[in-house]
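Student: Submitted below is the structure of interest, expressed as structure tokens.
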Amino acid sequence: MSEDTHPEPDRVEGAPHPRDTARLIGQGAAERAFLDAVAAGRLHHAWLLTGPLGVGKATLAWRIARFLLATPEEDGGGLFGTPAPTPDTLDIAPDHPVARRIHAGSEGRLFVLRRAWDDERKRLKTVITVDEVRRMKNFLHMSSTDGGRRAVIVDPVDEMNVAAANALLKMLEEPPHGVTFLLVSHQPSRLLPTIRSRCRELRLATLRPDDLADAMAQAGADVGDGPALAVLAAGSVGEAIRLANLDGLDTYGAIVALFSTLPQLDRTRALKLAEAAAQRGADEKLDLLLSLMDLFLARLARTGALGSAGAEAAPGEAALLARLAPDADAGRRWAALHQSLGARARHGRAVNLDPAALILDMVLKIDEAARGAGVRA
């Protein structure tokens with residue numbers, strides 16, 4: 001397999017790559033904050049783009065990189081000493097030479113740091129290694145003679161191992177001239193505090209339902225039941241596309257239908273749900289089931305605490321949540337179970353527990369909790 005045909009770790013199946021996404025939807029505040037910094041002459045050397053998974057952080061990183069490389073540095077003012085014009089958008093025309101080179105993957109002033117291909121195991125590496133950071137260092141050294149702006153995208157910085165993170169930190173402490181680092185982070189709390197302290201943060205928000213629908217339409221994804229998908233995706237277009245690709249709405253509907261039988265659990269349905277995760281090559285299905293079970297428990301806890309989980313995500317869900325979590329005490333019990341089952345699921349995945357056994361164990365624990373709380377049909 002040639003390097004050009006290796007799978008890209010930063011691509012969501014069923015959606016265009018962030019470098020080719022035409023518009024960034026619903027993140028005007030983050031774009032404006034960056035443009036204001038540029039206009040004020042405060043272009044920081046490192047930016048930490050944070051927010052939930054799938055809300056457009058990588059798209060923003062590529063838009064900023066394209067903008068910086070296509071926009072010449074100001075020399076202190078405009079014609080006859082007038083102030084330099086303030087940019088009002090990150091948009092760069094698709095036929096601009098920089099835009100064309102970035103689309104083709106041939107822009108010599110841009111380096112993208114991400115998980116590399118493992119030739120020995122014939123798969124993507126699980127982390128970003130220090131070897132990739134060294135490649136970036138060589139790139140910066142070789143390209144420094146060209147002058148002008150350069151950009152580095154790290155997507156996501158959360159996937160760096162310790163050695164790679166320490167190597168990156170050294171570059172952030174002594175940044176090369178003219179280089180802007182754009183670090184995409186889904187979980188900034190896991191980063192080295194010293195990395196965070198050397199970056200200016202741009203926080204991206206979850207998408208509103210209408211923005212989510214627009215972003216999915218732009219990606220060419222089937223919106224289907226838009227409101228329900230927006231509830232399950234929690235404002236993340238990446239998660240919405242994953243749910244659409246894996247029939248997540250139907251799966252969540254099956255989870256709701258199963259637990260609607262409590263306190264007399266329908267064991268036939270339970271076994272059918274567990275067996276769906278046990279098929280060969282069903283890793284994605286297992287991850288989907290685990291994430292949706294986790295979401296169901298979180299919505300139970302929220303219902304008990306607040307009286308409602310918000311909009312209904314499946315037929316009959318609102319009535320079921322109200323029956324299983326009628327008050328704050330029930331909400332606290334479901335919250336505790338949510339935490340403990342989440343830990344059990346992570347451990348089960350780590351030790352490669354049989355998928356069907358893992359799902360069935362979660363179902364039975366939820367059944368046990370419902371019966372112990374005296375839930376009525």
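Student: Do we have any residue at all in segment 6-28 that's more than 25 Å from L169 (Cα to Cα) and either touching a strand residue (DSSP E or B) at 6+ places or on another chain (Cβ under 6 Å) or outside the structural domain of H103 (by TED's automatic domain parsing) (or both)?
Tutor: Yes.
Student: Return the only residue of A313, A369, A325, A377 being under 14 Å from I255 (Cβ atoms) and either in contact with a Leu (Cβ under 7 Å, 6 or more places away or on another chain) or not assigned by TED's automatic domain parsing to the domain that holds S260 (or both).
Tutor: On inspection, the qualifying residue turns out to be A313.
Student: Same structure, new question: Residues that are in a loop (DSSP other than H, G, I, E, B) and touching a residue at least 60 places away in the same chain (Cβ under 8 Å): does segment 140-152 have at least one?
Tutor: So far as segment 140-152 goes, yes, one or more of its residues are in a loop (DSSP other than H, G, I, E, B) and touching a residue at least 60 places away in the same chain (Cβ under 8 Å).
Student: Determine which member of the set G310, G304, G316 is small (G, A, S) and closer than 13 Å to V375 by Cβ.
Tutor: Values: G310 fails: closer than 13 Å to V375 by Cβ; G316 fails: closer than 13 Å to V375 by Cβ.
So the residue among G310, G304, G316 that is small (G, A, S) and closer than 13 Å to V375 by Cβ is G304.
Student: Can I ask one more? Among the residues of segment 87-103, count how many are free of Cβ contacts under 8 Å to residues at least 40 places away in the same chain and among the aliphatic types (A, V, I, L, M). I'd like the intermediate steps shown before the answer.
Tutor: Initially, segment 87-103 is screened for residues free of Cβ contacts under 8 Å to residues at least 40 places away in the same chain, giving 91-101.
Narrowing further to those that are among the aliphatic types (A, V, I, L, M): 92-93, 98-99.
Of the residues in segment 87-103, 4 are free of Cβ contacts under 8 Å to residues at least 40 places away in the same chain and among the aliphatic types (A, V, I, L, M).
Student: I've got another one for you. Suppose we filter E132, E120, E107 for residues that are in contact with a Lys or Arg (Cβ under 7 Å, 6 or more places away or on another chain) and either crowded, with 17+ Cβ neighbours inside 10 Å or assigned by TED's automatic domain parsing to the domain that holds V179 (or both); which single one remains?
Tutor: E107
Student: From S291, S236, which residue is of a type in the set (S, T, N, Q) and crowded, with 22+ Cβ neighbours inside 10 Å?
Tutor: S236
Student: Run Q279 past the list (1) modelled with pLDDT under 90; (2) crowded, with 18+ Cβ neighbours inside 10 Å; (3) not aliphatic (A, V, I, L, M) and report the number of the one that doesn't hold.
Tutor: (2)
Student: Something else now. Test of understanding: among A164, A217, A205, which residue is of a type in the set (A, V, I, L, M, F, W, C) and crowded, with 20+ Cβ neighbours inside 10 Å?
Tutor: Matching residue, one of A164, A217, A205: A164.
Student: Do we find a residue being out of contact with any strand residue (DSSP E or B) (no Cβ under 9 Å at 6 or more places or on another chain), at pLDDT below 95 and of a type in the set (S, T, Y) anywhere in segment 43-62?
Tutor: No, segment 43-62 has no match at all.
Student: Wholly within segment 168-262, which helices (runs of 4 or more DSSP H) include no fewer than the required count, namely at least 1 residues that are more than 15 Å from T50 (Cβ to Cβ) and polar (S, T, N, Q)?
Tutor: The qualifying helices (runs of 4 or more DSSP H) are 193-197, 209-219, 237-245, 248-259.
Student: Which of the residues spanning segment 5-58 are aliphatic (A, V, I, L, M), more than 19 Å from the chain's Cα centre (by Cα) and either part of a loop (DSSP other than H, G, I, E, B) or at positive phi (or both)?
Tutor: Passing the criteria: A40, L43.
The values are calculated or read from the model by the stated rules, or taken from the named source; none is laboratory data. Just so it is clear, the structure is predicted and the values come from calculations on it, not from any experiment. Counting neighbours? That spans all protein chains shown, and the Cβs are built from the backbone with ideal geometry, glycine included.
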